[in-house]
Amino acid sequence: NGTSPMASVTSLSDSVQQQLASALSATLPEAAGADPLLRRSDRADYQANGILALAKKAKANPRELATQVVSQVATGAVIQDIEVSGPGFLNITVSDGAITENLAARYADETGRLGVPFAAHPGTTVIDYAQPNVAKEMHVGHLRSAVIGDSVVQLLEFTGETVVRRHHIGDWGTQFGMLIQYLDEHPHELDHKTSAEDTAASGEEAMSNLDRLYKTARKLFDSDEEFKTRARRRVVDLQAGDPHTLAVWQKFVDESKIYFFSVFEKLDMEVRDPDIVGESGYNDMLAETCRLLEESGVAVRSEGALCVFFDDVKGPEGNPVPLIVQKSDGGYGYAATDLSAIRDRVFNLKASTLLYVVDARQALHFRMVFETARRAGWLNDGVTAVQLAFGTVLGKDGKPFKTRAGETVKLQDLLDEAVDRATAVVRDKAEKVGLSEQEIEENGRYVGIGAVKYADLSTSAVRDYKFDLDQMVSLNGDTSVYLQYAYARIQSILRKAGEARPAAHPELALAPAERALGLHLDQFAETVLEVAASYEPHKLAAYLYQLASHLTTFYDQCPVLKAESPAQIENRLFLVDLTARTLHRGMSLLGIRTPDKL
Ligand code: ARG
């Protein structure tokens, strides 16, 4: 009945595709293995457009070839009808029973995977995402990296990939000399008044402590020459691994983590401490990375600095712009750390894919780092390195998102506002749905945070997008709230169903809206595998939005609890329940919750 022990379900489009492919190679042996190019279609369930090109290649008449292929296709259990249309397209209709049986097999999958198979060749991906900087406020760019990265982690793990998460936080560099020296001279500046249990409050306090300390240290550094000298000496101590200096530095890292974790918690996102391996984590490798590059001739000394040059990377005057691996004063920068991280990820973590969820404005840096690693032999054919580059978050005015004073917007404030607005939306309907105050607040968080994530994930990552809270929490249109309501509405129907239970009835004829919903549900597996392979969560968002739209049409045309017969009630309950499970699974792959009552 379609369920195999592996529980993965062959989609209808795959079975049709296979039948067409074998009919095609039976008709035209040289077309064996050719793709019949099957697509969903408005005219029939599917249309195959591949015959035209094949006929052209074989110098055959496309309509004739199409007619011959049709005569080879056995209609019956799955394909109910197949006909030639236009210059040589095939229009294919599948049977109602096949649709219901296929969906029933997905529904029966006890693993909760809805019949989605694992990827054919899973590997190990090291994903670099959610990488804020120590002692600095997180900004909307860090939000994007976290949201996109988290979704890609969920997607990859779902397809069976081994995923190693790396939060490459900025925790190393010359600015720490100044901070360490200041804290050493004013040891109580990072003390907390809030209890550690209140993570939100202590996160905020941690950030304001760090911010205040940064500003005062900076002022002193700029005005007091003696402090400046002491601060500079501290950088040297830090790089030399002086224990006391490192201990003070660690206080900054710990304080910042309190803040980071409070933001990630607000984002309803799991970030684990052992996965936070910042720039400092590669410190022991930096000298060797430079030695290997210099000895192999990949990097050369130029004006005292260790540089890698590229034919196609030039400045405005045509002068070459190198990747600087070591500065002339002996200091190591961002590139040395990233090159060392590649060695670690390839040779120690055994990555087959390196993925970097980083702002598009760092594209040149990654292009040069990857090319350097290739020349050094650290990246070879067995390893793919990709920057999943994302665009800029814009304000309503279309300019990079800043406060009026031109400062970066505090992430906590932004998320709090999203939750406040969402809570108001939830509260509006709360009485009708019968929500307690606690449920209102919980749903407000899920809706508000979901709205922020969905707005980010529903546009292609490389594109800039406008941060518009009014639009994000709107009940109509392509928003997470719309999808969350679709889910909750189904749950409410299932609660009202009383004795009636969802059950598939393949013997029943389906209404057009049921067919459309069913065929879209059938595409879930294909969509997820594609989206995971191409790192394009926005295509999953689009799929889910279409699913909710199909559901809306279905409600308009097909009564569920008032359907014609008990069997039809059961079958429609089964259809909506599978839709709910698909919405739930899809949303969770985007990192978004689906409350039962809304
Ligand atoms: N901390 C950096 C920033 O805030 C992002 C780090 C990206 N990852 C990396 N491996 N370079 O811009």
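Cα-based values for the range 347-465, radius of gyration first and Dmax second, are 20.7, 65 Å. Under conditions of 37 °C and 0.692 mPa s, the chain yields 119 µm² s⁻¹ as its translational diffusion coefficient, taking Rh as the Kirkwood radius over Cα pairs in the Stokes-Einstein equation. Taken about its Cα centre, the range 12-94 carries a charge dipole of roughly 280 debye when the Cβ of each Lys and Arg holds +1 and the Cβ of each Asp and Glu holds -1. Simple rule: put +1 on each Lys or Arg Cβ and -1 on each Asp or Glu Cβ in the chain, find the dipole, and look at Ala108, Pro559, Gly304; the Cα lying farthest toward the positive end is Pro559. For the chain, relative contact order (Cα pairs under 8 Å, six or more residues apart, normalised by length) works out to 14 percent. Ranked by the mean number of other Cβ atoms within 10 Å of their residues, highest first, the peptides 143-155, 405-417, 297-309, 339-351 come out as 143-155, 339-351, 297-309, 405-417. Of the residues His168, Thr229, Ala206, the one whose Cα sits farthest towards the positive end of the charge dipole of the range 97-237 is Thr229 (charges of +1 on Lys and Arg Cβ, -1 on Asp and Glu Cβ, taken about the Cα centre). Prolate is the label for the range 89-174, because the ratio a/c of its alpha-carbon gyration tensor axes (a ≥ b ≥ c) is 1.5 or higher and a/b is greater than b/c. Peptides 121-130, 473-482 ordered by packing proxy, namely the average of other Cβ atoms within 10 Å per residue, highest first: 121-130, 473-482. Only lysines eight or more places from Lys453 in sequence, or on another chain, were considered; those with a Cα closer than 21 Å are Lys266, Lys396, Lys399, Lys402, Lys410, Lys466, Lys539, Lys597. Length available on full extension from Asp416 to Leu246: 0.36 nm per residue minus the Cα-Cα distance, which gives 57.7 nm. Scaled against 2.2 N^0.38 Å for its residue count N, the alpha carbon radius of gyration of the range 12-94 is 0.95.
If a/c stays under 1.5 just call it rounded; otherwise compare a/b with b/c (prolate if a/b is bigger, oblate if not). Do that for the range 411-589, with a ≥ b ≥ c from the square roots of the Cα gyration tensor eigenvalues. Oblate is the answer for the range 411-589, as a/c is 1.5 or above yet b/c matches or exceeds a/b. Across the range 12-94, the mean sequence separation of Cα contacts (distance under 8 Å, 6 or more residues apart), normalised by length, yields a relative contact order of 29 percent.
When you restrict to C-alpha pairs under 8 Å that are six or more residues apart and normalise by the size of the range 411-589, the relative contact order lands at 24 percent.
Given charges of +1 on the Cβ of Lys and Arg and -1 on the Cβ of Asp and Glu, with all other atoms neutral, how large is the dipole of the chain about its Cα centre, in debye to the nearest 20?
1060 debye
Here is how the number arises for the chain: DSSP H runs of 4 or more residues each give -39500 (n - 2.57), the sum is divided by the residue count, and the result at 222 nm is -17000 deg cm²/dmol.
The phi torsions of the range 522-538, fed into the Karplus equation with coefficients 6.51, -1.76 and 1.60 and a -60° offset, translate into couplings of 4, 7, 4, 4, 4, 4, 4, 5, 5, 4, 5, 6, 9, 6, 10, x, 4 Hz, rounded to whole numbers, with Gly and Pro shown as x.
All of the numbers you see were taken from the coordinates with simple rules; none came from a lab. All values reported here derive from a predicted model rather than from experimental measurement. Using ideal geometry, Cβ is built from the backbone for each residue, glycine included, and neighbour counts are taken over all protein chains shown.
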